[in-house]
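The values are calculated or read from the model by the stated rules, or taken from the named source; none is laboratory data. Computed from a predicted structure; not experimentally measured. Heads up, the Cβs are rebuilt from the backbone with ideal geometry, glycines too, and the neighbour counts pull from every protein chain shown. When the accessible area is computed, the model is the full protein with side chains, heavy atoms only, and any ligands, DNA or RNA have been set aside. Shrake-Rupley method; radii C 1.70, N 1.55, O 1.52, S 1.80 Å.
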Amino acid sequence: MGSLLQVKNLSYTQQTKSLFVGLNLSINSNSRIGLVGHNGCGKSTLLALINKQLEPDAGEVIHPKGLQIGNVEQFVPDHIRQLTMEQAVAAVLPEDCRELELYRVHCLLPELGFHVEQYDIPVAQLSGGQQNLVLLARAMLLEPELLLMDEPGNHMDVKAMSCLTNYLLNQKGLAFLMISHDRNLLNTCCNQTVFLRDLRSYEFDLPFSQAKEALREHDEVSAARRELEEKEIARVRASAKRLAQWGKTFDNPKMSRKAKSMEKRADKLDDQKTQVTRGSGLSLNLQSQGLSTKTVLTLEDMQVNLPNTDQLLVSCEHLVLKPGDRVALLGENGTGKSTSINRMIEAFESNTDSSIRFNPNVDLLYYDQELEQFNKPLSRSEWLRVRCDANDEDIKKVLIGAGVAYQDFDQAVNSLSGGEKARMMFMLIRLKQPNLLILDEPTNHIDLEGREQLEQRLLDSRATLLMTSHDRFFLETVANRFWVIRQNQLIEIYSLDEFYDQLSDSKLNKHSTTSSNTGSVTTGPNTEEAMLIRIDELEKLLSTDKSLKPKYQKLEKQKRWQQELDALWLKLESE
């Protein structure tokens, strides 16, 4: 296990905010590290420092000369957006050898789930998840020894995430450092977890869920030790004060010297106190109003076409959204989830579409996954002020309550990170208190702590929800109804498992058809592999749910998951 890279005593300040002070990190040849932390703690900045795109204020990044580092960006570079997928991947190679090395591109893309007929599609026309896979292909074509990935799973649907996960698991000789807010990706692919917090790093040789529990135990031990230290410091100071008073009263220089000595001892103990986490300082709080009515939204003979065409994308015969429903809108990428939501938003604003009827008392707030509402250079305070009726004092309270420093109130919203913009949206929800929330991929930019806060706040909220998400843990926790777009039809199904099971069956059937038509072996899973993947998913779901406090556990789902596990193991053993 050789050392690939070391971060030593790294310090870095961004504008006036310190991100790291004396941070240390080691990456070995077998390291598969998940890097997690709250929005704004410096995760992307750390990757840029490791990759020598930024210079630290102090400290250094040490690695052997010639170490090949691959970098998977968080966003698609503008200069490749109009290139075809094939051209974009090959563009990382020297121009004079691209034609000769094109076979390597053709070998790599199928490993990431792409087909030959997709190679000529411009990158700009790919889904967000497919674009991320193209960025990964560009990095891997350079045969890196260390791969740095910034949110590689963002915007990915189930199929794209499966391709990413399987590809990373199959790269046996590759070390990587991956920023991610996807719990399943972190648990499946990473053998180490590094938490960025309190200007330093906390390292655990464990996947995320186990590491999080270890960090919680570490915090509890630190807090208990700190409490004892505080008591000892208070005792020494009290004794010093009594001795100083006695020395003065009885004119006893020895007592006075002893008092000063004890004060110095107390100061030394105070300087050496156990560090206790300050936490992120960020908080997601939602407030919403309930709606006293029988229906919130009725879809009846709804038809949604592809934008600017007469081609049918989604139709719905009859569905009703009721107060208190938390509906997950499911479907693979490209089936029309966001387009259908946009059509509903248009119908709400125009109030002229008889196929999409909202209750007159509905107060709707829409969270769009692209966060396009932040494109103007308004300050945080101004952005909130123009979108709600709250007064300046209420806006100030919400900003401070969410952990925004006073000096950052005037920061332009178009300069914020994706995670900071997402939190601004939830501040707006708190101020407006809508009774219907339509959330299109609300977890895309939110850190793991924020996702857990969001899940609990939505459960505590009385608002009716219609939401899309690729985060299965999020949907398992929050949703109580499920609508799915399948074969251009929007229908209701009765469990999330039904959607994922159907998706797995679809993948298996596609694999079987491809194999029989081409006579070649594909990288898709066979039946046994699919069962093992599902067993792994179920075991993670059970483990995660059982780790929650009893009042938050979903006992009925635990029972169903266990029954499915038993059936899968029985089937495997009988084959």
* Asked: Consider G403 against the criteria (1) over 23 Å from T443 (Cα atoms); (2) part of a loop (DSSP other than H, G, I, E, B): it satisfies all of them except one. Which criterion is unmet?
  -> (1)
* Can you run down the residue pairs with Cβ atoms below 8 Å, 6 or more apart or on separate chains, where the first is in the range 560-572 and under 13 Å from E539 (Cα atoms) and the partner is β-branched (V, I, T) and part of a helix (DSSP H, G or I)? => L565/I535; L568/I535; W569/I535
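Given the range 1-69, what strands (runs of 3 or more DSSP E) lie entirely inside it while holding 3 or more residues that are farther than 18 Å from S180 by Cα and either open to solvent by 50 Å² or more (accessible area, probe 1.4 Å) or touching a strand residue (DSSP E or B) at 6+ places or on another chain (Cβ under 7 Å) (or both)?
Working: elements: 3-14, 17-28, 32-36, 58-62.
Because the criterion is at least 3 residues that are farther than 18 Å from S180 by Cα and either open to solvent by 50 Å² or more (accessible area, probe 1.4 Å) or touching a strand residue (DSSP E or B) at 6+ places or on another chain (Cβ under 7 Å) (or both), the strands (runs of 3 or more DSSP E) in the range 1-69 that meet it are 3-14, 17-28, 58-62.
Give the residue that is surrounded by the fewest Cβ atoms within 10 Å (Cβ to Cβ), with candidates limited to residues of the range 438-462 that are in a loop (DSSP other than H, G, I, E, B) and out of contact with any helix residue (DSSP H, G or I) (no Cβ under 8 Å at 6 or more places or on another chain).
From the range 438-462, those in a loop (DSSP other than H, G, I, E, B) are 441-447, 461-462; that's our starting set.
From the residues that got through so far, the ones that are out of contact with any helix residue (DSSP H, G or I) (no Cβ under 8 Å at 6 or more places or on another chain) too are 441, 461-462.
Numbers: E441: 23, S461: 22, R462: 13.
Across the range 438-462, the extreme among qualifying residues is R462.
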* Near pairs, Cβ below 8 angstrom, 6+ apart or cross-chain, from the range 52-74 (under 22 Å from S3 (Cα atoms)) to any residue that is open to solvent by less than 70 Å² (accessible area, probe 1.4 Å) and of a type in the set (D, E) -> V72/D150
* Tell me which residues, restricted to the range 428-459, are in contact (Cβ under 8 Å) with a residue 40 or more places away in the chain and charged (D, E, K, R). => R430, K432, D440, E441, D447, E449, R451, R457
* Asked: Can you name every residue in the range 303-337 that is among the hydroxyl-bearing types (S, T, Y) and within 18 Å of F499 (Cα to Cα)?
  -> T335
* Asked: When you go through (1) open to solvent by 50 Å² or more (accessible area, probe 1.4 Å); (2) touching a residue at least 24 places away in the same chain (Cβ under 8 Å); (3) of a type in the set (D, E) one by one for E86, which number turns out not to apply?
  -> (1)
* To do: Could you look through the range 297-350, keep only residues that are under 17 Å from T468 (Cα atoms) and in a loop (DSSP other than H, G, I, E, B), and pick out the one that is most open to solvent (accessible area, probe 1.4 Å)?
  => G334
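Could you tell me which of the residues K396, K376 is more than 24 Å from N435 (Cβ to Cβ), among the charged types (D, E, K, R) and at pLDDT below 85? Before the answer, list the steps.
Numbers: K396 fails: at pLDDT below 85.
None of the other options fit; the residue is K376.
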* To do: For the range 373-400, name all the residues that are open to solvent by 90 Å² or more (accessible area, probe 1.4 Å) and assigned to a loop (DSSP other than H, G, I, E, B).
  => N375, K376, P377, V386, D389
* Structure fact -> Exception for Y366 within (1) without any contact (Cβ under 8 Å) to a residue 40 or more places away in the chain; (2) crowded, with 16+ Cβ neighbours inside 10 Å; (3) not in a loop (DSSP other than H, G, I, E, B) falls at (1)
